[in-house]
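The values are calculated or read from the model by the stated rules, or taken from the named source; none is laboratory data. This is a predicted model, so every value here is computed, not measured. Methodologically, a virtual Cβ is constructed for each residue, glycine included, from the backbone with ideal geometry; neighbour enumeration extends over all protein chains shown.
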Amino acid sequence: MSTDTPQASHPGTARDAARPVRLALTDLLGLGLLGIRTRRTRAALSALGIAIGIATMIVVTGIPASSQAQLMRELAALGTNMLEVRALPDQDPPALLPQESTGMVRRVGPVTSVSAVANTHTLVRRSDRADPDDGSGLTVLASQLDLLPIINARVQHGSWLTPATARFPTVVLGSVAAARLGVVDVGTGGGPGQQVMIGDRWFTVVGILAAVPLLPEIDRSVLVGWPAAQSELGFDGHPTVLYVRSLEPAVEQVRAVLPETVSPQSPADVLVSRPSDALAAKRATESAFSSLFLALAAVALLVGGIGVANTMVISVLERRAEIGLRRALGANRGQIRGQFLTESVALAALGGVAGTVLGVAVTVGYATYHHWPVVIPLSSTLAGLGGAVVVGVVAGVYPSMRAAALSPTEALASV
């Protein structure tokens, strides 16, 4: 007769049975969202606090950034990267810039564009019956064709000089020059073909410039094509002023090399303007940081975090029966803790996404209304979303630990 001997259990099997079961990520997420789905109004109000904080952070950084971009654009229009090159005045004999100056400067690496004007030393009159010695305080300048974009000027009436018209006796008037010469419009108002007299030659007005805030001397000028000035007015081809645009970070370096570039034989006879004061203002504006606005956003985010923490604490108190039942059915403390911590993080993340959408929408609407470029700092957006998750973790730590600390009998006894 055989006797069955009971088999001893393997020690590893007992250890595996005692080891806590870890919830899958999808199960943990489902449990975490359970409280949000069943208490939607309270969850929405709690997420609203986070959303307001995130939206505030994006708005108070996005709107100033958009405003700053507009200010940078306006300061750039004031010539932050433009230099003026002239011959040193009051020299005997007079110092002259070489005829090939523009081509020499154009070869400097950081220089993006260069153009020139030259004083023809002739007088302009409204008609041949005006006093031949009265030039109305206006200057007749020979101009290169690429001048307008470099000095941020635009034509208000008519057109700018072209390669064709620059060879013939045609002129473009500055805004002040047009007013003093009585030329209001070159179109239907003044009629095409209006003429002014320069020296003893008639020139046809083809355009009138709008005011140039950067260079008021252009407003008081009569601009003639470079070839026409040479053929009609005896212009010798030596430029009087070079307008040089360069890469903004290299303005000082370009200024240092311009005298030797323009006139290698006599650089001391070349005078280069200082960089515009607007450049210093622009750099100061770029370095400014609205710490007050960021502090306000941080306070709003903190208030939202307190709201989430309060919601989670109340949720633990209201859901003691659920916690006790789950513990009685075998859920361990880690699973309970993970459930409530996941719920807190999910609540804050939903608020963060909603706040990001709201903040971006408000920033875009405000910037568009004011015709500013829309700038949404990526760092603020990422910091807002990351901050929401951090707030959710911090706000959920205490409630989740409190829920995990409840024993099954204590939780069920309080029902």
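Condition first: in contact with a strand residue (DSSP E or B) (Cβ under 6 Å, 6 or more places away or on another chain) and hydrophobic (A, V, I, L, M, F, W, C). Now tell me which residues in the range 244-272 satisfy that. Val244, Val254, Leu258, Val262, Leu271, Val272 - these are the residues of the range 244-272 that are in contact with a strand residue (DSSP E or B) (Cβ under 6 Å, 6 or more places away or on another chain) and hydrophobic (A, V, I, L, M, F, W, C). Here Ala211, Ala228 are screened, and the one residue that is under 30 Å from Asp133 (Cβ atoms), crowded, with 18+ Cβ neighbours inside 10 Å and either assigned by TED's automatic domain parsing to the domain that holds Glu100 or at pLDDT 90 or above (or both) is Ala228. Among the residues in the range 110-119, are any assigned to a loop (DSSP other than H, G, I, E, B) and within 34 Å of the chain's Cα centre (by Cα)? Scanning the range 110-119 turns up at least one residue that is assigned to a loop (DSSP other than H, G, I, E, B) and within 34 Å of the chain's Cα centre (by Cα). The set of residues from the range 210-235 being touching a helix residue (DSSP H, G or I) at 6+ places or on another chain (Cβ under 8 Å) and of a type in the set (A, V, I, L, M, F, W, C) comprises Ala210, Ala211, Val212, Leu214, Leu215, Ile218, Val222, Leu223, Val224, Trp226, Ala228, Phe235.
As a summary of the residue check, Glu260 satisfies the conditions (1) touching a helix residue (DSSP H, G or I) at 6+ places or on another chain (Cβ under 9 Å); (2) among the charged types (D, E, K, R); (3) in contact (Cβ under 8 Å) with a residue 12 or more places away in the chain except for the one numbered (3).
Taking the criterion of being under 27 Å from Thr61 (Cα atoms), among the hydrophobic types (A, V, I, L, M, F, W, C) and surrounded by fewer than 19 Cβ atoms within 10 Å (Cβ to Cβ), would at least one residue in the range 336-346 satisfy it?
No, there is no match, as no residue in the range 336-346 is under 27 Å from Thr61 (Cα atoms), among the hydrophobic types (A, V, I, L, M, F, W, C) and surrounded by fewer than 19 Cβ atoms within 10 Å (Cβ to Cβ).
So for the range 372-388 (the condition being assigned to a helix (DSSP H, G or I), surrounded by 14 or more Cβ atoms within 10 Å (Cβ to Cβ) and at pLDDT 85 or above), does at least one residue qualify? Within the range 372-388, not a single residue is assigned to a helix (DSSP H, G or I), surrounded by 14 or more Cβ atoms within 10 Å (Cβ to Cβ) and at pLDDT 85 or above.
Taking every residue in the range 341-361 that is modelled with pLDDT of 85 or more and pairing it with any residue that is not in a helix (DSSP H, G or I), at least 6 positions away or on another chain, the pairs with Cβ-Cβ distances below 8 Å are Val360/Ile376.
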